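Everything on this sheet refers to the single structure shown next.
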Amino acid sequence: MRRPTPLLLPALAAALLLSACGTEDTGTGAGSAGPGVAAPVPPTQVDDPGTDGVRVTSVTVPSPSPSPRRSLSVTADSLPADSGISAAYEVTNDGAEALTYSVLFDFTTSTGEVMDNEWVTVRDVGPGETARGTVRLGVLAPGASPVTRVKVSQVLKVPAGEAPAEAGSCPSSGIRITADEGDAAMGLRVVGLHLENCGTRDYTVDGYPLLELLDENREPVDGVRVLQGSGEITTAAGPDEAPEEVTLKPGEKATAGLVWRNTTDLGTPVDVPYVRVRAKAGADPVTVTPRLDLGTTGKLGVRPWERATG
């Protein structure tokens with residue numbers, strides 16, 4: 001829910017004008033935080049029972065420093081670069097295999113209204129191990145209410161050996177598979193699968209990615225038909241075409257797509273938080289977390305691999 005920071009052209013213009021006119025600043029003296037900069041404060045300890053092995057242990061919410069009595073200087077250094085709001089957290093793996101966690105932290109007001117949130121990935125937490133880290137808010141949007149709390153909103157975890165490779169790294173398979181955030185229009189949902197040859201040899205795919213739909217416990221989901229093509233889901237993309245062989249040279253990419261409608265008629269809606277993907281038969285699996293809200297249609301269309309353009 002990252003909000004874009006508005007352009008500060010008027011402020012920058014004022015900076016150029018006022019810097020030419022000289023500066024008079026009766027600030028708070030050496031060692032002060034300076035105008036507009038949050039004063040350091042100790043973190044507040046949090047008694048958080050946690051969610052699925054993840055808990056917030058402390059929250060830091062700085063108090064604004066006193067404003068100077070008079071300042072005619074507006075510089076880039078005086079513009080806010082960070083809210084100073086952060087939270088320390090712990091991730092404890094009580095399972096029997098190493099896991100990689102994706103955690104969504106909500107930054108909220110005292111009444112629970114979410115002002116912003118941040119995803120954090122914690123990789124390779126071994127069985128019985130606890131990993132610790134800090135999540136930082138960055139800059140709040142103008143007009144946002146004061147943030148006083150940080151909570152764990154969502155936890156996704158996959159076997160460490162099946163987690164999508166992080167940017168800049170290449171697994172031993174020589175390919176990297178990721179899923180995008182998807183697109184939605186008039187009840188139609190589309191999530192893209194992206195395949196990159198990050199290795200040193202050509203890699204060939206011919207046909208459709210192989211999928212396993214998994215529930216919250218990473219167990220197979222029943223009652224959903226995985227269809228080759230999207231013709232039974234929508235005609236907007238035109239008729240299904242037969243897949244073609246695609247050979248990727250090192251550095252080249254291919255894309256495929258997951259297509260469905262989240263119509264909710266009679267029956268129980270199906271939610272699929274995890275999808276185990278194989279680029280082709282015999283390939284190493286990669287588990288992505290697109291969170292498919294399949295509704296009650298019981299159908300998921302899969303578009304074939306095709307060479308990425310652009």
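The values are calculated or read from the model by the stated rules, or taken from the named source; none is laboratory data. Just so we're clear, the structure is a prediction, and the values are computed from it rather than from any experiment. Cβ: placed from backbone, ideal geometry, glycine included. Neighbour counts: every protein chain shown. Accessible surface is based on the protein model in full, side chains and every heavy atom, while ligands, DNA and RNA are left aside. Shrake-Rupley method; radii C 1.70, N 1.55, O 1.52, S 1.80 Å.
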Checklist entry - Just to be sure, is T178 of a type in the set (S, T, Y), within 14 Å of the chain's Cα centre (by Cα), within 25 Å of E97 (Cβ to Cβ) and surrounded by 15 or more Cβ atoms within 10 Å (Cβ to Cβ)? => result yes
Item to check | Subset of segment 292-310 (residues that are over 19 Å from V224 (Cβ atoms) and of a type in the set (D, E)) | outcome: E306
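A quick yes/no check of all residues on (1) farther than 16 Å from D106 by Cβ; (2) modelled with pLDDT of 60 or more:
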{"residue": "A39", "(1), (2)": "yes, no"}
{"residue": "P43", "(1), (2)": "yes, yes"}
{"residue": "D48", "(1), (2)": "no, yes"}
{"residue": "G53", "(1), (2)": "yes, yes"}
{"residue": "S63", "(1), (2)": "yes, yes"}
{"residue": "P68", "(1), (2)": "yes, no"}
{"residue": "S73", "(1), (2)": "yes, no"}
{"residue": "S78", "(1), (2)": "yes, no"}
{"residue": "D82", "(1), (2)": "yes, yes"}
Next on the checklist: Consider segment 235-270. How many of its residues are under 30 Å from S169 (Cβ atoms) and exposed (fewer than 15 other Cβ atoms within 10 Å of the Cβ)?
Outcome noted: 6
Checklist outcome for this item: Filtering segment 141-175 down to residues that are within 17 Å of the chain's Cα centre (by Cα), closer than 18 Å to T287 by Cα, at pLDDT 95 or above and open to solvent by 30 Å² or more (accessible area, probe 1.4 Å) yields Q154, K157, P164
Checklist entry - Can you name the residue in segment 182-199 that is free of Cβ contacts under 8 Å to residues at least 60 places away in the same chain and part of a loop (DSSP other than H, G, I, E, B) and is also surrounded by the fewest Cβ atoms within 10 Å (Cβ to Cβ) among such residues? => result M186
Checklist outcome for this item: Filtering segment 155-170 down to residues that are touching a residue at least 60 places away in the same chain (Cβ under 8 Å) and not aliphatic (A, V, I, L, M) yields K157, P159, G161, E162, P164
Checklist entry - In segment 200-232, which residues are touching a residue at least 40 places away in the same chain (Cβ under 8 Å), assigned to a loop (DSSP other than H, G, I, E, B) and open to solvent by 20 Å² or more (accessible area, probe 1.4 Å)? => result T200, R201, D202, Y208, D215, E216, R218, V221, G223, V224, G231, E232
